[in-house]
Structure formats: structure tokens, C-alpha cells
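Participant: The structure follows.
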Amino acid sequence: MKSATQKFVAVATAALLGTTALAVPTFAANVPEGVTLADEQTFTYRVLDEHSSVDPQIVEDVTGSELVRDLFEGLLNQNADGELVPGVATEWSANEDNTQWTFKLREDAKWSDGTAVTAGDFVYAWKRLVNPELASPYAWFGELMSIENAAEIIAGDMEPSELGVEAPDEHTLVVNLSAPLPYFPAMTTHASTFPSPQWVIEEHGDAWTRPENIVTNGAYVLTEHVPQERSVRVKSDTYWDAENTVLETVTALVINDENQALTRFLAGELDRTEVPTGQYPRLKEEHPDAAISFPRLCTYYYNVNLRENGPEALKDVKVRQALAYAIDRNVITDQILQGGQTPAYTFTPGATANFEVPSVPFAEMTQAERDEAAKSLMEEAGYGSDNPLELSILYNTSEAHREVATVIAQMWEQKLGVTTTLNNMEWNTFLEARGNGDYEVARAGWCGDYNEASTFLDLMQTESGYNDSAYSNEEVDSLLSEAKTLTDPSANYTRVEEIVAEEMPVLPIYHYAGVYMLNPQIQEWPVNNVEQNWYSKDLYRVAE
Amino acid sequence: MLKYILKRLAVAIPTLLILIIFSFILMRVAPGGPFNSERPLPAQVLANIEAKYGLDQPWHIQLWEYVVGIVTRFDFGPSFAYTDRTVNDIIAQGFPVTLTYGTWSFVLAVTVGCLLGIAAAVRHNSWIDYFAVGTSIGAQVLPNFVMAPLLVIVFTLWLHWLPGGGWRGGQLPYVIMPVIALGTSYMASIARITRSSMLEVLSSNFIRTARAKGLPSSQIIIRHALKPALMPLLSYLGPAFVGMVTGSVVIDVFFSTGGIGQLFTNSAFNRDYSVIMGITILLGALTITFNLVVDILYAWVDPRIRY
């Protein structure tokens with residue numbers, strides 16, 4: 001089972017920066033010479049919740065996407081560093097202004113029933129994604145990809161057949177965009193763009209994703225699914241690179257309670273689980289080989305309500321700056337979370353591809369300087385012991401969110417004399433309240449959908465559906481829409497971050513880290529892939 | 001008797017209907033919906049999804065179609081959260097899990113509880129009595145959310161005898177800890193109820209008569225004392241059985257069994273309306289049924305009761 005292979009990497013930056021034609025072979029698990037593989041190639045990991053679906057066009061959660069990436073294969077994959085590598089497509093190129101992308105598909109790709117994977121399977125899947133009849137919760141991703149007519153089809157004003165995607169022959173896929181999108185190929189690693197088998201869906205309807213019906217084109221096939229308990233996928237013999245796929249069986253176990261999951265990891269029942277908040281230092285000491293932490297493409301922040309009905313004080317930029325400055329982020333990352341999270345002074349994490357973290361003034365100061373500045377800003381705004389500010393922080397019920405809110409409330413109280421009340425709500429109620437602007441300061445978290453700064457900064461647009469602060473700045477809006485047309489939009493992103501750091505519509509707190517217990521026998525976990533798009537086909541298990 | 005059963009069943013139907021209406025309204029009044037997420041859906045996408053599940057209809061029409069679906073097709077609708085499964089599928093998968101470990105817990109609790117209770121009463125104020133009372137108090141003060149982690153620490157982490165969770169279709173090693181964790185506090189209650197009612201029966205006149213007749217002790221207990229002593233226990237066992245077979249959130253979540261208790265809370269958090277309704281109706285129907293069963297058993301145990 002050993003294969004001494006070399007991994008070739010298609011350079012993602014080249015794909016990002018314009019027209020490229022790539023024809024490089026890729027191999028799955030990269031097992032070096034001399035490594036003894038375990039006899040049983042299994043990988044068992046914990047998931048917090050049952051996955052929403054394994055239908056590529058329906059799936060909307062991280063857990064489900066992990067399964068879909070194993071079961072199906074899209075045009076492109078990511079390697080361990082998050083760079084683009086060929087998937088079903090072997091070459092891809094754009095026209096001059098990045099409004100038309102052409103993908104050449106490999107001829108040896110097969111579905112698990114033996115049928116060849118064709119460009120038509122992608123055309124079908126993409127039309128299916130935006131079809132209002134399917135009512136996919138991720139239909140908007142088609143719009144985000146700027147595929148011609150996607151928005152109109154979702155709105156029901158055009159037929160799905162009019163989507164700007166076509167298959168001139170079985171192995172060529174042409175996509176027409178309504179806007180130039182230099183990073184379009186990167187978006188094709190998203191599960192919602194993966195092909196789906198029309199003949200199976202038509203035969204079984206909604207039940208096509210059950211193990212007994214499903215047909216997939218990825219490195220694994222789904223063999224068992226017990227809702228709320230487990231799902232099992234095993235290596236697919238029809239996958240074009242099955243020869244280099246090492247892991248034979250991958251099992252996801254649903255374990256709601258993270259401490260119980262940790263116990264089961266320690267008992268040897270699991271190969272991977274998340275580390276509960278605050279336990280990383282202890283586990284790292286006791287199990288140095290197993291406890292790992294690495295940066296994620298996510299930001300934890302607070303929204304401040306800028307709506308008409310929001311608190312008057314928060315409309316004053318000085319108050320918002322004071323609140324942002326007074327948060328000692330190092331206390332939160334080093335004393336509460338303790339899992340390798342990093343303080344956030346910009347909205348976009350530094351781990352984002354091609355994104356240079358701009359030097360915003362308050363990031364350059366020491367905490368003592370920030371506290372000083374915060375106090376004088378608060379005074380200038382007219383708040384102090386004679387006119388104390390009262391605020392409430394809203395967060396969704398969770399021990400970790402409560403701890404962060406408590407310490408921030410303390411910092412505001414001690415440094416600025418702000419009286420803060422904490423308000424927690426169960427998840428769905430919380431989303432409703434925050435979405436309706438029924439809060440003063442509210443906790444939020446955002447993970448990038450793709451590895452490019454716009455996946456974060458677009459939230460600052462007036463019209464963004466996720467702009468829960470109700471922030472509106474014309475310059476930001478025009479900078480961001482201009483960025484979509486630029487080959488190198490980094491100057492625009494820098495400027496937007498500067499404006500955000502000045503106006504503080506959101507208070508960035510920290511950037512997430514992936515904090516896991518991972519069985520050291522499992523090799524090649526992509527810790528450098530900040531999106532954590534991992535593929536079981538790239539992993540392998542060494543002997544004990 | 002038959003007339004009585006039919007009458008009780010006839011009352012059950014409006015009771016269930018009221019339960020359906022009441023839960024339906026409560027659910028819709030709760031803020032949030034099944035399609036809320038950290039990334040709110042664009043309005044048009046949300047509208048498409050709501051239309052697919054009929055959520056764009058007025059409440060009374062949704063409710064009417066729901067009830068019609070159940071009555072005419074025994075169809076509890078699709079799950080909003082899991083597209084490839086209907087509520088019928090979800091319950092058919094989760095209920096057998098809790099039914100299995102619940103029933104075993106019940107058997108364990110009743111057997112051990114009754115034996116302890118009877119032994120304690122028969123050997124009143126002996127070491128057996130003290131042992132039984134001590135055990136049952138000990139079991140009672142250890143609620144299942146303390147019992148479950150204790151069991152896991154001992155049998156999974158230290159001894160490596162049993163898996164720390166999962167179900168695997170109900171294989172024995174996976175069933176043992178849920179059964180014990182769920183059953184102990186019920187067992188304790190049963191032991192104490194049995195002990196006190198047995199003590200009462202043993203001091204009654206007809207037992208003294210039996211002793212005077214010279215019947216052997218074992219026969220007195222089994223033939224004469226047991227049945228009347230079970231009366232107070234019966235009224236406890238009906239609801240206890242329903243409580244056990246419909247699962248405990250704590251047991252399901254802790255042991256990741258995939259049982260119905262976990263399903264129920266998760267679907268409440270997800271606002272998976274149709275699953276919440278389906279499980280509520282199941283619990284309602286079971287409660288009604290077992291209350292009826294207990295009433296029928298009363299008549300069997302106590303000849304004075306006639307319906």
C-alpha cells in the first residue's frame with residue numbers, strides 16, 4: 001500500500017491573477033518512503049451535530065461539507081496549504097477580462113455506478129443550485145459566483161435553463177459571468193458547485209442521498225448513515241485516483257457534548273475531536289503529540305447597533321472607538337481561550353490569501369496607550385462618572401461566549417465606567433433579535449466562504465444581508481464594488497479596513513484557531529489550510 | 001371493561017388534537033424559524049424555501065393540512081432540517097433506540113427495585129434492610145447526569161471494558177451503560193415504594209391470618225402480600241415507563257445514542273417544526289396509552305375496582 005509519489009501543485013496565485021492553463025497531475029495521499037502504514041486504514045472523528053445533508057446543492061453546514069468533499073469531487077480541490085489543485089478539471093483558463101471561464105475535464109472521472117463524469121453533470125448541478133424549485137439554502141452562492149442570470153433565476157424572473165453555463169462537449173465546461181471575477185476558480189472548491197447525478201435524483205427524488213440510493217463521483221462512497229449517530233464512507237473503487245487513496249473507512253460520530261467527546265478520544269475511540277475552551281494548555285502538556293492548534297479563516301467580533309432605534313451613544317464614533325480600544329484582546333486570547341487564537345484589530349484575518357494586514361492605528365498602540373486613548377475619547381463624547389453610559393451585550397447561550405462577554409464588560413466598566421448588562425439567548429431567538437436590530441452590542445462570528453478578503457469585507461457593504469450593525473458608508477460601498485473588477489484589489493481592501501478601524505461599525509476581537517486533539521497516527525492533516533477544507537483521500541494512518 | 005376502554009380511547013382523540021393545536025401555536029410563537037442561520041438567507045431564497053414547505057400559507061391552513069396528512073396518510077410531513085428524511089423515518093429510526101434501552105432500564109429497575117424493597121420489608125430492621133435503604137438512597141441522590149460520567153470514567157477510561165458512547169444498532173456493550181445510568185434512580189424509587197407498601201401489607205390482618213393458618217413465609221409473600229403491595233407501585237410505573245422509553249435527553253446526549261430524547265431537543269433548537277410535532281404526538285399518544293394500561297392493570301390487581 002505504499003506509493004512513493006510526488007505531489008504537484010497548481011499555483012493558486014497564478015489562477016487568481018488571471019488567465020492560466022494548467023495541466024498538472026495530482027496524487028492523493030502522499031506517503032513518503034519508509035513509512036509503515038497501519039493495517040487498518042480507518043479514521044474516526046467527532047462531529048458536533050448531525051450534518052444537514054450530503055446533497056452538494058443543499059448542504060449548508062461545515063459537517064455536511066466535509067462529507068460532500070469526500071463523496072463528490074468538484075472542478076478543483078485544495079491541497080494541504082489551501083492552494084488550488086485539479087479535481088475533475090485538469091485545466092482552466094479565462095478570457096481577457098475574466099468574464100468567461102473554461103474548464104477542461106479529465107476523461108477518466110467516473111461516478112460510483114460506472115457512468116463517466118461529464119461537463120453536463122456540472123451544468124445540471126449548477127442550474128439545480130439556483131432553481132427556486134429546489135429551494136437550496138445555498139442558492140445565493142450561485143449569485144455570489146456572478147454566474148450570468150443567477151440572480152434573476154433565483155428571483156423567479158428567468159428559467160434555470162438560462163443560467164450562463166454550458167457544455168460545448170462532454171469534457172469542456174464554459175461559464176459566463178455577469179462580472180469579472182479573477183478568483184472564480186477558487187470558488188469551485190465549494191461543495192455547492194460539485195456535480196450531481198441527474199439520473200439518480202430523478203429516480204429517487206429527495207431520498208437520493210440515502211446510502212442505498214446515492215451515486216457519487218468522489219474518492220469515497222456513503223455506505224451507512226444512522227441519523228444523529230454515525231455516518232460511514234468507504235473508499236470508492238471507481239474514483240480516478242483510487243490507486244493513491246489510502247484511508248479505507250472514514251466514520252463521523254455525532255457527539256453533542258465536547259467533554260464527552262474528549263473522554264472518548266482519550267479512551268481511543270476517536271482519532272479527532274475539538275478541544276473544549278480553556279483546556280488546550282493542559283492537554284498540550286499531557287498529550288504533546290495529539291494537541292494541535294492552527295489559525296482559521298474566521299473572526300469573532302461584536303456588532304454595534306447603528307440603526308435609528310439603536311442607542312444614541314453608539315452613533316457617536318468616539319464611543320465606538322473607545323469601546324474597541326478598551327478591550328484587552330490579549331487577555332481574551334491568552335487567559336480565557338488559551339487555544340492559539342490571535343487578537344483581531346482588523347476584520348479580515350491575516351491568514352487570508354493575498355491579504356496583507358493593513359497597519360491600523362489602534363493595532364500599533366500598546367494596551368496602556370489604547371486604554372488612555374479610550375478614556376479621553378469617552379470624555380470627549382461626554383460620558384463619565386457624572387453621565388455614565390449603560391450598554392447591554394447580547395450573545396447566544398454558550399459558556400465561551402459568556403466568559404468573553406463577562407471580561408469585556410469588566411474592561412468597559414473598569415476603564416470607561418460603562419455599566420454593562422449581559423443578555424443571553426438560545427441560538428434561534430438570538431439570530432432573530434440580532435437580525436431585527438433588537439440589541440445594543442451583539443456577539444458575531446464569521447468564517448470565510450472562500451479564501452479571499454472580499455468574503456469578509458463584503459459584510460461591510462450597506463446592502464449586505466449580513467450587515468447586522470446596519471453600517472453604511474458610500475466610500476466603502478464603492479471601494480468594494482470596484483474591487484470586484486480589479487486584478488489586484490488589495491489597495492481597496494486596505495482602505496476599507498482603515499475606514500472600518502476608524503469608524504468601528506464592528507469591534508473585532510479575535511481570529512479563530514482550529515484547536516484539535518488529533519491522533520498522531522493520522523498523517524497529513526492540512527493544518528496550513530486556513531479554510532480547513534480537508535479531504536480524507538489525502539490522509540493516511542501510520543502503524544503505532 | 002371493553003366499553004370502558006373504548007370510551008377512554010374516544011377521549012384520547014380530542015386530547016391529542018388539543019395537544020397538536022397547542023404545540024403548533026407554541027412553536028410558531030417562539031422566535032426564529034427553521035431556516036435561520038448565522039448567515040441569514042437572501043429574502044428571495046428564503047421565500048423559495050418557505051414556499052417549498054408551505055410555510056408561506058396562513059397558520060390555520062398549515063395546521064389543517066398537517067392534521068389531514070396525519071389522519072388520511074399517517075404522514076407527519078418532511079423534516080425541515082434533513083431533506084432526505086420524513087418525520088416518519090426519523091421517529092422510526094430514533095424511537096427503537098430509546099425503546100430498547102428504556103425497556104431494559106425498566107426491567108432492571110423493576111426487578112432490582114422490587115427485590116430490594118421486598119427483601120428490606122421482609123427482613124425489616126436487619127442488615128438487609130439497611131443495605132437496601134442505603135443503596136436506594138445512594139442511587140436516588142446520583143442523578144443520571146452524574147451517574148453517566150461516573151460510569152464512563154470507570155468502565156471506559158479506567159477499565160476499558162465498555163465503549164464510551166454510540167449505539168451500533170443496539171449491540172450489548174453499547175447498551176449497558178445507558179441502561180444502568182437511566183435505571184438507577186427509578187430503581188431507587190421503586191425499592192422505596194415497594195418497601196413501604198410491603199411493610200404496610202405485612203402488618204395487615206389478612207397476613208396475620210395467613211400466618212396463623214401456618215402458611216410458609218414464602219407463600220405468604222408471593223401469594224398474598226405481593227399483589228396488594230404492588231398497587232401504589234403501579235401508579236408510579238405507568239408514567240415511569242413512558243418516561244423511560246421516550247428517552248432521556250441526558251442519556252441520549254451523553255452516550256450519543258441517536259435516541260428520541262436527543263432528537264426532540266435538537267429539533268426544538270433547530271425549529272424543525274414537523275419533527276417537534278411528530279415527537280410530541282408520539283409522547284402524547286404513549287402517555288395516554290400507558291395511563292390506560294395502568295388503569296386496566298389496577299382492575300386486575302385489585303378485585304374491588306370494576307369499570
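The values are calculated or read from the model by the stated rules, or taken from the named source; none is laboratory data. Computed from a prediction, not measured in an experiment: that's the story for all the values here. Backbone-built Cβ (ideal geometry, glycine too); neighbour counts: all protein chains shown. For accessibility, only protein heavy atoms count, side chains too; no ligands or nucleic acids. Shrake-Rupley method; radii C 1.70, N 1.55, O 1.52, S 1.80 Å.
Participant: Give the percent of DSSP beta bridges with both residues in region A:295-513 that are antiparallel, rounded to the nearest 5.
Facilitator: Numbers: 15 of 24 bridges.
Around 60 percent of the beta bridges assigned by DSSP in region A:295-513 are antiparallel ones.
Participant: In whole Å, what are the Cα extents of region A:295-513 along the three principal axes, biggest one first?
Facilitator: Cα extents, longest axis first: 52, 36, 34 Å.
Participant: Ignore the peptide's own chain and count Cβ atoms of other chains within 10 Å of each Cβ in B:40-53; give me the average, rounded. Could the numbers behind the result be given before it?
Facilitator: Numbers: counts 8, 8, 9, 2, 9, 14, 5, 5, 12, 6, 1, 4, 5, 1.
The mean count of partner-chain Cβ atoms within 10 Å per residue comes to 6.
Participant: Considering the dipole of region B:1-149 built from charges on the beta carbon (Lys and Arg +1, Asp and Glu -1) around the Cα centre, which of B:Val45, B:Thr103, B:Tyr82 is farthest to its positive end?
Facilitator: B:Thr103
Participant: Output the 0 to 90 degree angle, nearest 10, between the alpha-carbon long axis of helix A:399-416 and the longest principal axis computed from the alpha carbons of chain A.
Facilitator: Helix A:399-416 sits at roughly 30 degrees to that axis.
Participant: Which of the lysines could a cross-linker span from B:Lys7 if the Cα-Cα distance has to be under 23 Å and same-chain partners fewer than 8 positions apart are dropped?
Facilitator: none
Participant: Just to confirm a number: summing +1 for Lys and Arg and -1 for Asp and Glu over residues other than A:Asn424 whose beta-carbon lies under 15 angstrom from that of A:Asn424, what do you get? Walk me through the numbers on the way to the answer.
Facilitator: Details: positive: A:Arg402, A:Arg434, A:Arg443; negative: A:Glu399, A:Glu403, A:Glu426, A:Glu432, A:Asp438, A:Glu440.
With Lys, Arg at +1 and Asp, Glu at -1, the net is -3.
Participant: Describe numerically, in nm with one decimal, the distance between label points set 7 Å from Cα along Cα→Cβ at A:Thr115 and at A:Arg495.
Facilitator: 5.0 nm
Participant: Among DSSP beta bridges lying fully in the protein assembly as shown, give the percent that are antiparallel, nearest 5. Can you show the working numbers first?
Facilitator: Working: 55 of 71 bridges.
The antiparallel proportion sits near 75 percent.
Participant: Also, quick follow-up: Can you tell me the convex hull volume per residue for region B:179-307, based on C-alpha atoms, in Å³ to the nearest whole number? Spell out each step's value before the answer.
Facilitator: Working: hull volume 14.2 nm³, N = 129.
Spread over its residues, the Cα hull of region B:179-307 gives 110 Å³ apiece.
Participant: Relative to the compact globular guide of 2.2 N^0.38 Å, what is the alpha carbon radius of gyration of region A:32-184, as a ratio? Before the final figure, lay out each step's value.
Facilitator: Details: Rg = 17.4 Å, N = 153, 2.2 N^0.38 = 14.9 Å.
The value comes to 1.17.
Participant: Now for a different question. By how many degrees, 0 to 90 and rounded to 10, does the Cα axis of helix A:490-503 deviate from the longest principal axis of chain A?
Facilitator: Orientation of helix A:490-503: about 30 degrees from the principal axis.
Participant: For a Förster distance of 51 Å, can you work out the FRET efficiency between the beta-carbons of B:Ser203 and A:Ala38, rounded to the nearest 0.05?
Facilitator: Working: r = 68 Å, r/R0 = 1.32.
So, using R0 = 51 Å, E works out to roughly 0.15.
Participant: Summarise the partner chain shielding of A:433-446 as one whole number: the mean count of Cβ atoms from other chains within 10 Å of each residue's Cβ.
Facilitator: On the way: counts 2, 2, 3, 1, 0, 1, 0, 0, 0, 0, 0, 1, 1, 2.
Mean partner-chain Cβ count within 10 Å for A:433-446: 1.
Participant: Quick one: if the Förster radius is 45 Å, what FRET efficiency do A:Glu426 and A:Thr487 give, using the C-beta to C-beta distance and rounding to 0.05? Spell out each step's value before the answer.
Facilitator: Values: r = 46 Å, r/R0 = 1.01.
In this case the efficiency is close to 0.50.
Participant: Could I ask something else about it? Just report the Cα centroid separation between region A:263-312 and region A:332-373, whole Å.
Facilitator: The two parts, judged by their Cα centres, are 17 Å apart.
Participant: For every other residue with a beta carbon closer than 13 angstrom to the beta carbon of A:Gly350, add +1 if it is Lys or Arg and -1 if Asp or Glu, then tell me the sum. Please list the in-between numbers first.
Facilitator: Numbers: positive: A:Arg296; negative: A:Glu356, A:Glu497.
Summing Lys/Arg as +1 and Asp/Glu as -1 gives -1.
Participant: So what is the relative contact order of chain A, in percent, for Cα pairs below 8 Å that sit 6 or more residues apart? Spell out each step's value before the answer.
Facilitator: Details: 1153 pairs, mean separation 107.4, N = 544.
Relative CO of chain A lands at 20 percent.
Participant: If B:Trp59, B:Trp127 are ordered by their accessible area, calculated over protein heavy atoms with a 1.4 Å probe, which sequence runs from highest to lowest? Don't jump to the answer; show the numbers that get you there.
Facilitator: Details: B:Trp59 115, B:Trp127 190 Å².
Reading off the accessible areas and sorting them downward yields B:Trp127, B:Trp59.
Participant: How many partner chain Cβ atoms sit within 10 Å of a residue's Cβ in peptide B:268-275, on average, as a whole number? All intermediate terms of the calculation are to be shown ahead of the outcome.
Facilitator: On the way: counts 2, 4, 5, 3, 0, 0, 0, 0.
For this peptide, the per-residue mean of nearby foreign Cβ atoms is 2.
Participant: Test of understanding: express the Cα radius of gyration of region A:221-286 as a ratio to 2.2 N^0.38 Å, with N the residue count.
Facilitator: Values: Rg = 15.4 Å, N = 66, 2.2 N^0.38 = 10.8 Å.
Its radius of gyration relative to the 2.2 N^0.38 Å reference: 1.43.
Participant: Further, regarding this structure: Using the Kirkwood radius over Cα pairs, work out the Stokes-Einstein diffusion coefficient for chain B at 25 °C and 0.890 mPa s, in µm²/s as a whole number.
Facilitator: Numbers: Rh = 22.3 Å.
For the chosen part, D equals 110 µm²/s.
Participant: Report, in whole Å, the centroid distance computed from the Cα atoms of region A:513-544 and region B:111-143.
Facilitator: A separation of 52 Å, based on Cα centres.
Participant: Now for a different question. Between beta-carbons, use under 10 Å as the cut-off and find the net charge around A:Ile58, counting Lys and Arg +1, Asp and Glu -1.
Facilitator: Values: positive: A:Arg128; negative: A:Asp55, A:Glu60, A:Asp206, B:Asp84.
Summing Lys and Arg as +1 and Asp and Glu as -1 gives -3.
Participant: Sorted by accessible area with a 1.4 angstrom probe, largest first, how do B:Phe131, B:Phe254, B:Phe264, A:Phe103 fall? Don't skip to the end; give the middle numbers.
Facilitator: Values: B:Phe131 120, B:Phe254 35, B:Phe264 70, A:Phe103 0 Å².
Listed by decreasing accessible area, they come as B:Phe131, B:Phe264, B:Phe254, A:Phe103.
Participant: Can you compute the equivalent ellipsoid semi-axes for region B:92-273, i.e. the square root of 5 times each eigenvalue of the Cα gyration tensor, sorted largest first and rounded to whole Å? Let's see the in-between values first.
Facilitator: Details: eigenvalues 270, 64, 32 Å².
Those come to 37, 18, 13 Å.
Participant: In Å, what is the Rg of the alpha-carbon atoms in the protein assembly as shown, and how long is Dmax?
Facilitator: Just the Cα atoms of the protein assembly as shown yield Rg and Dmax of 30.9, 109 Å.
Participant: Something else: Output needed: Cys residues of the protein assembly as shown lacking any neighbouring Cys C-beta below 4.7 Å, sorted by number.
Facilitator: Cysteines of the protein assembly as shown left without a disulfide-compatible partner: B:Cys114.
Participant: OK, next. So how tilted is helix B:273-301 from the main axis of chain B? Cα-based, degrees 0 to 90, rounded to 10.
Facilitator: Its long axis makes an angle of about 20 degrees.
Participant: If the limit is 26 Å between Cα atoms, which of A:Lys284/A:Lys415; A:Lys318/A:Lys415; A:Lys127/A:Lys235; A:Lys127/A:Lys484; A:Lys104/B:Lys52 go over it?
Facilitator: Over 26 Å Cα-Cα: A:Lys284/A:Lys415; A:Lys127/A:Lys235; A:Lys104/B:Lys52.
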